Amino acid sequence: MDNADAIAAQVVEGAPSNFEFTVQIGKGESDGVGVDMPVVTGAGLVGRVLEVSRDRATVLLVKDPQSGVGVRIEKSSAPGVVKGRGDSDTLRVDFVDPNADVTKGEVVYTSGQQNSSFPAAIPIGTVSKVTKAHGDLQQDVLVKPLVDFSHLDYVKVLRPPPGR
Amino acid sequence: MTWLPRLRLALLILAVVVLQTTLFSAGLRVFGVMPDLGLVLTVAVAFYLGPERGAAFGFLTGLAVDVFLSTPLGVSALSFSLVGYGVGVAQGGLVRSSRWVAPIMGAVGGLAGGVLFVAIAALAGQDQLLALSSVRVILVASVYDALLAFAAFPIARWATRATGGEVQSWSGSAAVGR
């Protein structure tokens, strides 16, 4: 059921290629879906709308290497950018301050910083591995996504608030 | 080539696009990987029709598939075309035919096509494909392609018959020169 802020949609197809990490949903322009709108499930962030036609839209999943999402890590509030790693079952967080105290199990949320397509506080995943070597410019942080991309049935496309 | 084989080949391209974007993308995956139907069929058609027609069929099939992908238009067209040409040239050197020709060519064609796709896409700016995960995907897909080749070769043989002579026979009968 649709409400003013979100459009519910069924996932109707997977990616047409082994080198793409997208899904097709059964809602499009005629339903109010637009490019770059965030897509979520009850578990967390799925991705964003990449292309849209009249009745369908293609969603770029966060696990796609072309995807990048500004995030904050729960306890330390350390900012970073979550990047997809394709076939891997984890995501990578880039540009995390090497002095930030990041621990395994922390939740990673969208930061919603200015001009971001993604509103703040949408959960993406939990930290599964942290590696920092002395002298590194950033920590290596891996995140296990909350969304099960192999079993996507229904998603919600978030409409931007009025005036945005 | 008369109009009937051309019509059959055009219908085959349509069937490939429909199956690839619906059935195989929706669920018929092995370890999360789907086969490259267009590539397998290009290998099969090139086996019977030779390098030039194999390349042309590969180009058209790849272009039809490219329309549905977010990679630059033409990447599949070029990679399928090159594989079609290579298979067409290679089959001319086959002296003996065997029941294993189809799966072997399906696997080798799938491997070559996958590598070419990644290389050409990377040249076109899709650097993210140059990853270890792509190697795994290409290997699994080529095994799947080898299995599908058992069905693809008889279908290609049916589609290309009445072209004025088959270049090579898969099932062991004598090759007819052109």
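The values are calculated or read from the model by the stated rules, or taken from the named source; none is laboratory data. Computed from a predicted model, the values in this text were never measured in an experiment. A quick note on method: Cβ atoms are made from the backbone with ideal geometry, for glycine too, and the neighbour counts reach across all protein chains shown. All accessible areas refer to the heavy atoms of the entire protein, side chains included, with ligands and DNA or RNA removed. Shrake-Rupley method; radii C 1.70, N 1.55, O 1.52, S 1.80 Å.
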When every residue in segment B:17-26 that is open to solvent by less than 50 Å² (accessible area, probe 1.4 Å) and either in contact (Cβ under 8 Å) with a residue 24 or more places away in the chain or within 8 Å of chain A (Cβ to nearest Cβ) (or both) is compared, the one nearest to B:L63 (Cα to Cα) is B:V17
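Go through segment B:1-13 and give me each residue that's surrounded by 12 or more Cβ atoms within 10 Å (Cβ to Cβ) and either touching a His at 6+ places or on another chain (Cβ under 9 Å) or part of a helix (DSSP H, G or I) (or both).
Once the filter is applied, which keeps residues that are surrounded by 12 or more Cβ atoms within 10 Å (Cβ to Cβ) and either touching a His at 6+ places or on another chain (Cβ under 9 Å) or part of a helix (DSSP H, G or I) (or both), segment B:1-13 yields B:L4, B:P5, B:R6, B:R8, B:L9, B:A10, B:L12, B:I13.
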Please work out if A:S88 is open to solvent by less than 50 Å² (accessible area, probe 1.4 Å), in contact with a helix residue (DSSP H, G or I) (Cβ under 9 Å, 6 or more places away or on another chain), among the hydroxyl-bearing types (S, T, Y) and assigned to a loop (DSSP other than H, G, I, E, B).
yes
Hey, A:A100 hits all of (1) at the interface with chain B (Cβ under 10 Å from one of its Cβ atoms); (2) in a loop (DSSP other than H, G, I, E, B); (3) crowded, with 18+ Cβ neighbours inside 10 Å but one; which does it fall short on?
(1)
Return the only residue of B:G58, B:G50, B:G54, B:G84 being open to solvent by less than 10 Å² (accessible area, probe 1.4 Å), free of Cβ contacts under 8 Å to residues at least 60 places away in the same chain and more than 21 Å from B:L139 (Cα to Cα).
B:G54
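Checking the condition open to solvent by less than 10 Å² (accessible area, probe 1.4 Å), modelled with pLDDT under 95 and part of a strand (DSSP E or B), which residue from A:V71, A:V49 passes?
Unique residue meeting the criteria: A:V71.
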Considering segment A:72-115 alone, what residues qualify as being polar (S, T, N, Q) and more than 23 Å from A:T22 (Cβ to Cβ)?
A:S76, A:S77, A:N99, A:T103, A:S111, A:Q113, A:Q114, A:N115
Looking at segment B:27-38, can you tell me whether even one residue there is closer than 20 Å to A:K63 by Cβ, within 14 Å of chain A (Cβ to nearest Cβ) and within 17 Å of the chain's Cα centre (by Cα)?
yes
